[in-house]
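Chemist: Below is a structure I'd like to ask you about.
The values are calculated or read from the model by the stated rules, or taken from the named source; none is laboratory data. Just so it is clear, the model here is predicted, and its values are computed rather than measured. Cβ placement follows ideal geometry from the backbone for every residue including glycine, while neighbour counts extend to all protein chains displayed. Heavy atoms of the whole protein, side chains included, go into the accessibility calculation; ligands, DNA and RNA do not. Shrake-Rupley method; radii C 1.70, N 1.55, O 1.52, S 1.80 Å.
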Amino acid sequence: RNHARYAVPVLSGISFVIILTILILVIVPPGFHASSSRLPFGASRSESPSSSPSSMAPSDIPSTSPTTTQLPTNVPSQRPSFRPSQLPSDMPSFRPTNGPTTTDEATLTQFCVIADVPYKQFEVAELKKQIATMPSECEFLVHLGDIKTSGSDCTEDKYQLLDGILNKSLVPTFMVAGDNEWNDCPAAQRDQGWSLWTQYYMHYHNVHWKARRMFDFEYDTKRKENFAFVHKRTLFVGLNLVGGTVVDLDGAWHDRLIDNYRFLRDQMRRHVVPRERLEFGSYGRKVNATSADGVVLMGHTQVTDSQSAFFNPLRVLLRDEITDVPFLYLHGDGHLWFYRLNQWNLPHVMKVQTTGGTVDPMLVMKVNPHLYPNTLALAFDLDRRLHLQTPSSSNQTSSATKTTSMLSAPKEGVV
C-alpha cells in the first residue's frame, strides 16, 4: 500500500513531462533544436551530405536519408522579396532594344544586282550563265543601267539582246535607266534610244513576271519609269538617275532631277517611320504593313555635280528630317567597286557602287534595317561571292579593288 501511495504522483509527473514535450514539439519550429545556433540568411550549414532532417537554410546537396515529414509551421520557408515583379504594360518601350524583336527571315530581303552589262560579246555568254545560276536566296534581280557601251548605235537589236537574256530569270527583274541607252546615244538617236528603252524595259518587272502580284507598286505620275514598293519593312525606290552627257533642252535635265527628288521625298514621308519621331507621335501615324524602317535607292549615276539638283536636297532631307533611318544608295556607272559608310558625313547613310560587267560574280544584297537599325553595315549587308571568280576575272577584280581602295573618295563632285 505504501508503494501504491507513491506511484500515483510519479505517474502523474511522467504524464506531465510527456504532455509538455508534445506541446514543445508542436509550438517550437522544426530545426530549432537541431543545432546550437542559427546561420545567417542564405548561408549553408555544411557542404557534406547530412543524415538528419534539413534545416531551414536550403542546400544544393541531396541528403543521404529519406526526408522526414514535418508538421506545418508559421515560419515562411523564404524571406519576403523587396523587389516585386512589374505589372505588364500595354505601352511599348520608347528606346530600341539591343535584341531582335522579330525573326530574321520576317524582315530580311535578299536580292541580286548587276550593272553596266553586256558591253562585249564574251559578257553576253557569261551573263547568261550568271542568270542561269543565280543564287536561290535572291527574291528579285536589279539591273542598275547601261546595257551597252557609251556612244554606240542605239538600235533595237541592242535592247532585244539583253531582254532575251534577262527574261530567263526565275525571279522578277527590275530595270533602271542608264545613260548609255539614252542620253549618251548618238545625238540623232537619243529620242529613239529612250523610245526603245520604254518599249522593252518600262515596268519590266511586270512584263514577264507579273510582279504586281508580289509587290504593291507605286509609280511616279510624271515620270512613269520611277517606281517604289515596300517589302519586308524596307522601302525600295528606283529612279531615272543617269550620268553621262547633260542634255538640258529647255531645262528638261533639271526638271527630271527635281521630279526624282519629289517622288523619293514623298515616298519616304509616306512610308518611312523614323524611330525618334514615332516615339513622340509627331507624324501622327501608326506602324502598319506599308511602314518601312529603311530605304534602298536604286539608280545608275555616281554622285556628281551634274546631279546636284537631286542630291543636294536629298542630303538636307536626310540630315534634317529623316535622321535615324538607314539609307542606302545603290548604283553602277563607275565600273569599280566602291563601298562607303557615312555618306555626306551622315552616320545612317551608305553608298555602294557595283563593279559592273561580269568581272565579279553577281552581287547579293542582304537588307534588314528593321533588325539592325543602329548598325549600317548589318542593315545593308552584302556578299560579293568573290570565291566564285575564275582566275582571269580574279586578276581584273584585284586591280580594280586596289585602285578603289587607294582613293580617299570616288571621282565624284562634292554636292
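Chemist: Among the candidates 168, 158, which residue alone is assigned to a loop (DSSP other than H, G, I, E, B) and among the basic types (Lys, Arg)?
Modeler: The unique qualifying residue is 168.
Chemist: While we're here: Do we have residue 362 as under 21 Å from residue 108 (Cα atoms) and in contact with a helix residue (DSSP H, G or I) (Cβ under 7 Å, 6 or more places away or on another chain) here?
Modeler: For residue 362, the condition - under 21 Å from residue 108 (Cα atoms) and in contact with a helix residue (DSSP H, G or I) (Cβ under 7 Å, 6 or more places away or on another chain) - is met.
Chemist: Can you confirm whether residue 171 is open to solvent by 70 Å² or more (accessible area, probe 1.4 Å) and not basic (Lys, Arg)?
Modeler: No; evaluated as a whole, the condition is false for this residue.
Chemist: While we're looking at this one, here's another question. Where in the stretch 293-392 are the strands (runs of 3 or more DSSP E), entirely inside, with at least 2 residues that are open to solvent by 30 Å² or more (accessible area, probe 1.4 Å)?
Modeler: Once the strands (runs of 3 or more DSSP E) in the stretch 293-392 are filtered for at least 2 residues that are open to solvent by 30 Å² or more (accessible area, probe 1.4 Å), what remains is 338-341, 380-383.
Chemist: Quickly run through the stretch 210-238 and pick out the residues that are more than 26 Å from the chain's Cα centre (by Cα) and more than 20 Å from residue 329 (Cα to Cα).
Modeler: Result: 210, 221, 222, 224.
Chemist: Residue pairs, Cβ under 6 Å, 6 or more apart or interchain, first in the stretch 308-327 and within 17 Å of residue 376 (Cα to Cα), second open to solvent by 40 Å² or more (accessible area, probe 1.4 Å) and among the acidic types (Asp, Glu). List them.
Modeler: Note: pairs meeting the criteria are 324/276.
Chemist: Given the residues 259, 191, 216, which is the only one that is surrounded by fewer than 15 Cβ atoms within 10 Å (Cβ to Cβ) and assigned to a helix (DSSP H, G or I)?
Modeler: Answer to the check: 191.
Chemist: Now for a different question. For the stretch 121-137, check the following and say yes or no: at least one residue is closer than 22 Å to residue 331 by Cα, open to solvent by less than 20 Å² (accessible area, probe 1.4 Å) and in contact with a Cys (Cβ under 9 Å, 6 or more places away or on another chain).
Modeler: Yes, because at least one residue in the stretch 121-137 is closer than 22 Å to residue 331 by Cα, open to solvent by less than 20 Å² (accessible area, probe 1.4 Å) and in contact with a Cys (Cβ under 9 Å, 6 or more places away or on another chain).
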